[in-house]
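Data block below; observations after.
The values are calculated or read from the model by the stated rules, or taken from the named source; none is laboratory data. Everything quoted here is computed from the prediction, not taken from an experiment. Glycine also receives a Cβ, built like all others from the backbone with ideal geometry; neighbour counts cover every protein chain displayed.
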Amino acid sequence: MTSPSSTDAELDEEQLASFHDHLKKSTRVLALLGAGLSAASGLPTFRGVEGLWRTHDPFSLATPEAFDADPALVWQFYSSRRQMASSAQPNAAHYALARLATKMPGFQALSQNVDGLSERANHPQKQLQLLHGTLFENPILPALAVPTLGIAPAQHRTSEGAAEHENELDISDINVPLPFITIDDLPRCPKCKQRLLRPGVVWFGESLPGPVLDEVETFIDADKIDLILVIGTSARVTPAADYIKQARERGARVCVVNLNTDDRPVGRRNKDWFFQGDAAAIVPALLMPITEACP
Ligand code: BV8
């Protein structure tokens, strides 16, 4: 098991060489991205040991039903994740994928992440499909910016992080009582002033954004696919996980990067690559032949 912040990934040389050969011959490449991509940036995954938000299972909060039942709690959940995401920094894997996109017009990244880190790594927008929306579409919730205990949470103690979050509460910390907010504190539609605004993410039971579905479908139907990178995802949420199979049907070979051997997507083939370890360490090494190639 490699530690998430290890810089030099111990990769199987033979596997790496055969992967690099294939990458150098590839022109149409997909990547399916999950929470494990942002783990090295300090953000919790959905299923990881720290997956719980306070005592809540994120899957139970990420539903229209939860929002109808307790919009304040759901808003606090998303504001807390937004707070964490905005003080995290993209890691080397985010930058390597962004660089691959600038070098390979036929590369499309399909992200399940709503943390905004690929965008902040300047991943070209046209080559980044946000399958499940983003935390950064919704307004900052003023009611949550209440005075703190004066101590910025650990991961915010970087100079700019601390300054930016000096007055914010780490409401993901169970020891900090959730600030009491009423429905009147919640953001309303700027036009009708009546209806509640909701976080700009896709909840379970909701369809993915139409324009995104169209973009991905157009790319997949356009031609053969050489490779799909499956990075830091348990690939258990559909339709996102279905894109692996669709890519295979288009001739793609599959390369999985995951910290955990059990999380290999279903239906693996012996021509697949599996690199175990931290995405932030492995992805840059995998993409080196393209990202470091002189123009
Ligand atoms: C829909 C946004 C239809 C919100 C998210 C029963 C069976 C099968 C499917 C279903 C079912 N019942 C319902 C469904 C469909 C459902 C679904 O898939 N449910 C699952 C739970 C079974 N899907 C839906 O509801 C979708 N909508 O189907 O609509 C429809 C169609 C038309 C009209 C109306 C309706 C909507 C799904 C989107 C939900 N929103 N996110 C938010 O973020 O709060 S999903 C959310 O969970 C994430 O976006 C992501 O998709 C998923 C979490 O998965 P991962 O990102 O992979 O994270 P996870 O923690 O699981 O794994 C992390 C991995 O990283 C692990 O493998 C770990 O080993 C690895 N790792 C950890 N550290 C590292 C690492 N790897 C490398 N380096 C490291 N350092």
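Give the residue, chosen from L11, L37, L97, L73, that is at pLDDT 95 or above and over 18 Å from G133 (Cα atoms).
After ruling out the rest, the residue left standing is L97.
What is the number of the single condition among (1) closer than 29 Å to K271 by Cβ; (2) small (G, A, S); (3) without any contact (Cβ under 8 Å) to a residue 12 or more places away in the chain that A35 does not meet?
(3)
When you look at P179, is it closer than 26 Å to F59 by Cβ and at pLDDT below 90, yes or no?
yes
Which numbered condition in (1) at pLDDT 50 or above; (2) loosely packed, with under 15 Cβ neighbours inside 10 Å; (3) of a type in the set (S, T, N, Q) is the only one that S159 fails?
Every condition holds for S159 apart from (1).
Within region 208-228, does at least one residue satisfy the condition of being within 15 Å of the chain's Cα centre (by Cα), within 15 Å of the ligand (Cβ to nearest atom), assigned by TED's automatic domain parsing to the domain that holds K25 and within 19 Å of D263 (Cα to Cα)?
no
Which residue out of P90, P58, P105 is free of Cβ contacts under 8 Å to residues at least 24 places away in the same chain and either within 15 Å of the ligand (Cβ to nearest atom) or not assigned by TED's automatic domain parsing to the domain that holds I225 (or both)?
The match here is P58.
Go through region 44-70 and give me each residue that's touching an Asp or Glu at 6+ places or on another chain (Cβ under 7 Å) and at pLDDT below 95.
Correct list: P44 only.
Would you check if there is a residue in region 265-278 being without any contact (Cβ under 8 Å) to a residue 40 or more places away in the chain and within 20 Å of S111 (Cβ to Cβ)?
Within region 265-278, one or more residues are without any contact (Cβ under 8 Å) to a residue 40 or more places away in the chain and within 20 Å of S111 (Cβ to Cβ).
Name every residue in region 184-198 that is surrounded by 11 or more Cβ atoms within 10 Å (Cβ to Cβ) and more than 28 Å from the chain's Cα centre (by Cα), in order of residue number.
D185
Select the strands (runs of 3 or more DSSP E) contained entirely in region 187-292, then report the ones holding at least 2 residues which are in contact with a Lys or Arg (Cβ under 7 Å, 6 or more places away or on another chain).
Of the strands (runs of 3 or more DSSP E) lying wholly inside region 187-292, those with at least 2 residues that are in contact with a Lys or Arg (Cβ under 7 Å, 6 or more places away or on another chain) span 253-258.
From P289, P239, P265, which residue is modelled with pLDDT of 95 or more, within 16 Å of the ligand (Cβ to nearest atom) and either surrounded by fewer than 14 Cβ atoms within 10 Å (Cβ to Cβ) or not basic (K, R) (or both)?
Testing whether each residue is modelled with pLDDT of 95 or more, within 16 Å of the ligand (Cβ to nearest atom) and either surrounded by fewer than 14 Cβ atoms within 10 Å (Cβ to Cβ) or not basic (K, R) (or both) leaves just P239.
Got a number for residues in region 103-121 being under 16 Å from F136 (Cβ atoms) and of a type outside the set (S, T, Y)?
Qualifying residue count for the region: 9.
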